[in-house]
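Let me begin by presenting the structure, written as structure tokens, before commenting on it.
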């Protein structure tokens with residue numbers, strides 16, 4: 001098996017059965033979970049994440065990539081565009097839409113892994129699926145992800161306060177055909 005995409009430093013793979021342990025390790029560190037919600041993941045949570053990701057690939061032809069440094073087996077990040085349904089309500093634009101997301105293992109923070117992987121994933125998505133609206137959500141105050149979202153062309157359009165969690169800032173990537181908020185096009 002070979003990676004679907006490669007960059008100067010990275011290999012971007014579709015999810016595989018053998019990814020479970022690395023995916024669990026990716027999200028287990030408390031520092032990594034700081035902006036992923038207040039839960040401590042179990043192996044079952046990682047199993048469900050892996051299968052949701054594989055399901056996005058199977059049903060929609062796209063999903064998050066398991067990102068590895070070239071020639072290495074360990075997952076350094078989970079980045080890409082996947083199909084989501086957040087249950088926030090249609091008016092907030094995160095139900096049954098392409099959603100971008102990135103999680104980087106703490107050992108690779110500050111090395112540009114998320115930006116390099118997401119630029120490749122978004123370019124691939126645009127080529128294969130056509131340029132279209134892609135949403136993402138970032139926990140308010142996650143400055144590194146907010147900066148990356150801006151570099152990738154995402155703009156904040158709403159906020160959401162879950163009953164049981166931190167405030168979320170909702171973003172969308174505006175297409176070149178529609179340089180203002182999607183509702184205006």
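Assorted remarks:
- Sorting 65, 88 from the fewest to the most surrounding beta carbons within 10 angstrom yields 88, 65.
- Considering only Cα atoms, the convex hull volume of the chain works out to 119 Å³ per residue.
- Ranking of 56, 64 by neighbouring Cβ atoms within 10 Å, starting from the fewest: 56, 64.
- From least to most packed, judged by other beta carbons within 10 angstrom and beginning with the fewest, 11, 172, 91 follow the order 91, 11, 172.
- CD proxy at 222 nm, helix term only [per DSSP H run n ≥ 4: -39500 (n - 2.57); per residue of the chain; nearest 500]: -9500 deg cm²/dmol
Each reported figure results from applying straightforward, stated rules to the coordinates on display, with no laboratory input. Since the structure is predicted, the reported quantities are computational estimates derived from the model, not experimental observations. Virtual Cβ from ideal backbone geometry, glycine too; neighbours counted across all protein chains shown.
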